[in-house]
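Structure first, then comments.
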Amino acid sequence: MLDNLWAGFAAFADPTYLILAVAGVVLGTLVGVLPGIGPIGAMSVLLGMTTQLGPAGSLILFAGIYFGSTYGGSTTSILLNVPGEASSVVTALDGHQMTKRGRSGPALTIAAVSSFVAGTVAIFGLMMFAPWLSEVAVELGPPEYMALCVAGLLLLAALSSGPTAKAVVMIGAGLALGTVGIDPAAGDLRFTFGSDALAEGFSFIALVMGVFGVAEALTLAGGRWRPKPAKAPKLRELLPSRRESREAAPAALRGSTIGFLLGLVPGPAAVLSTFASYVTERKISKRPERFGTGAVQGVAGPEAANNAAAGAAFVPLLVLGIPFAPTMALVLAALLLNGIVPGPTFVADQPQLFWTVIAAMYIANFMLLVLNLPLVGLFTRLLAIPPQALMPFVIGLCIVGVYAEGNSMFDVVVMLAAGLLGFLLRRSGFSMAPFVLAVVLQPTLEVSLRQTLAYSSGNPGYLLGRPVAMVILALVVVAVTVSARRAVRARQRERLAARPNAGEAAHR
Amino acid sequence: MSISPIRTGRRAALPAIFLAGALLASACGGPPGQGTYPVRDIQIIVPYPAGSSIDTTTRALAEVINDQGTLGKRVQVVNREGGAGSVGTTATLNAKPDGYTVGVLPDGPLTLVPHTEEVSYDPENISVLNEVTISPVLFVVPEDSPYRDLGDLIDAAKARPGTITLGEGPLNYAVPAEKFEQLTDTRFQHIAFDGDQATTTALLGDNLDVGVMQLAGAFAQLRSGKVRALAIASAERTDLAPDIPTFREQDVALEWEAYNVVVAPPELPGAVATKLSDVFGSAVRSEAFTKAARDLGLVVSGAGGAAAEKRLTDKSAAAADLLAPAQ
């Protein structure tokens, strides 16, 4: 297995891959630093290029963006208290407090090193788990895939931020749009209204570029954005003290473990894992009162967790072919565009590609460490670029990208329409992540559902003979119930708190 | 279940966009017909995305043609995917018949799809130049399956009609599955999978009793020994997998192969057709291409235009009975 990993690293002797890794990491940090544009936006804009890059090249680029963005997000969290990404919201709690106390340098270093540690842990995890999981995953049949798709969608709706009802609406919209075009089982044409363009279905790339790329650019342009000037620490101020390192190390390891395990489970793992790690650190700390005032563990744990979760999220994607997060959906799209269908036989059939991906993650983490700490000043200065200057550039890239991918003006129209619609829906509080995931999972969900129906001849009792599917579905029911009850209780508490004095209703 | 004839109603006449695209493609680069053909590069349309099996095959072929240099100009592969191959087929057959647009097409859109769906091209009216590769259909079972040969399977299916699961998929899988049932008077529980990879996974996970697959799609797993083939639907055993007995050897008259063919729009000038057929034919028979195709599990054909056209017509006729609107 080490030979395989070594071969994966050897692929980076190819300078193209190395350049792609650097480009991905820098671009990822960039979109992580800039609020508004996230890794999904960046990946969707670049999706049009993936056939030129080949499967390994696109995976390397996307892994760099993915890891870079979590890192970039924490930079602004720490320096400005502006989380660039959802996964760095928790980092802001203690990270920015450290900045206020003049320890911004150590906070940034701890975040970077913790991410690196987590990357290492995640790679060992992948090496141990992925081949084993592949063997287990082969046994999964249509009913299990159906259950996993349902789990992925419902957990995303129940656990992600924002109102669950709106997420469910977006899932419904995504599933509905996914049915347009050729029926995957019988070859029937559905909802095409006699149009040849619709016979191919809506292009996933056009939809994603629309609701993420274009809609994000529009949102950015609409908002007023005057970031405070940030003071980036000098190079020699970056080293943490001995006490800070001693406190950070175990927290980073715990965070890595939590993140990795959560990353394997369906749902928005990267964000959840930061909360889980933060809560754990506070619970086991001897001085929990220090959390929120600049506790080192509060930076190290969550930063490690989101990175490990990001790495682990590749496992279900590569082994099952099912993405559980929108970023992974884009990685899947890049693979499919290159004619590679990940699944239980992927690790055995494409060992070279698999291990190159693993090596890519590691190299991305390493580059973040060596590139970004010295460049912190540069990245924070990027915040001064007015979004009005960035927006036309992003939209232009989207148009070129989507046209280049399919040579079809219809796709461009679909993208622009999706962008406009996405922009309006966003303003009304609808989240686009569930929509995108639903569009991606729709074919798998439909095919596995229809196959399950064929196996069972329509008899629901058949599912009783599929314990794995039953367990997955049962877990979904439990998770949804728990989260619904928690939401109800939170609302009651809020209402109670709002009555005597309106001061405390801080969390929503 | 199995094969449902599709009534699409009318699919509006060809949208202008295809015609425009095809015209544009053939109009670029100056007036054709002056001097000796070809005066500019030729595009090969592939109706599936980059990276698909037929795309890999075609790109290997294009490389050989460009290396051999007998054409005098280069060939370029253009992917026009979508509509289960119908988009690229339409683009090929409705292009200007000047020899600057050819397609490497799977036979499905020419022989099978027109029976079930209204298509915006005429499958009868084409210039068939060469046959490139052949992919015979196989019946594949998991390694530890109780069925050792076709006889076992037929006996079991007769004993328990409608319970043994049979994985099929697109028409090139569904039709032979149906035909097998007719020939042997058996009935299976059909499950549709969307390609060889999905079928393989289901077989490996013991979620499927028998899979209808193509040799190319089953090749890797057959070699690793994780699945076994009960029978191959070619006239004779193939030297790519000489251990697999044919259906005929086991007294079932099933022959079903999928082909990739080089076609051009109808009314191609004779000289152009001859030139293209020679260039593609010698590339197909070249050592470099043969090796590339064999590695993919594809049988290299190399049959000329007339033979290839007859095979297409025969297959279409055979499919017509099975695909006749019965339900």
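Values quoted throughout were computed directly from the atomic coordinates according to the rules given, and no laboratory measurement underlies them. Being a predicted model, the structure only gives us computed values, none of them experimental. Here the Cβ is made from the backbone with ideal geometry for all residues, glycine too, and neighbour counts use every protein chain on show.
List of remarks:
- Rounded to the nearest 20 debye, dipole of chain B from Cβ charges on Lys, Arg, Asp, Glu: 800
- Take the Cβ atoms of B:E63 and A:N407, set R0 to 22 Å, and the FRET efficiency comes out at 0.50.
- Least to most buried among A:Y71, A:Y17 (fewest other Cβ within 10 Å first): A:Y17, A:Y71
- Counting only DSSP beta bridges with both residues in region B:135-250, the antiparallel share comes to about 55 percent.
- Legend: residue pairs A:K234/A:K286; A:K234/A:K283; B:K179/B:K310; A:K100/A:K286; B:K275/B:K310; B:K96/B:K275, Cα-Cα distance threshold 25 Å; pairs beyond threshold, A:K234/A:K286; A:K234/A:K283.
- Only beta bridges with both residues in the protein assembly as shown are counted; by DSSP, about 65 percent of them are antiparallel.
- Only the Cβ atoms of Lys and Arg (+1) and of Asp and Glu (-1) were treated as charged; on that basis the dipole of region B:135-250 about its Cα centre amounts to roughly 20 debye.
- Calculated P(r) of the protein assembly as shown - Cα pairs past 54 Å, %: 16
- Equivalent ellipsoid, region A:140-219 (semi-axes from 5 times Cα gyration tensor eigenvalues, Å): 24, 22, 10
- Between B:K96 and B:A306, the contour length at 0.36 nm per residue exceeds the alpha carbon distance by 73.4 nm.
- FRET E, pair B:T163, A:L424, Förster distance 60 Å, beta-carbon r, rounded to 0.05: 0.70
- Efficiency of FRET between A:R489 and B:E118 - r from beta-carbon atoms, R0 51 angstrom, step 0.05: 0.35
- Measuring nothing but alpha carbons in region B:135-250 and taking Rh as the Kirkwood radius, the Rg to Rh ratio lands at 0.91.
- Local charge for B:V39 was computed over the other residues whose Cβ lies under 11 Å away, with Lys and Arg +1 and Asp and Glu -1, and equals 0.
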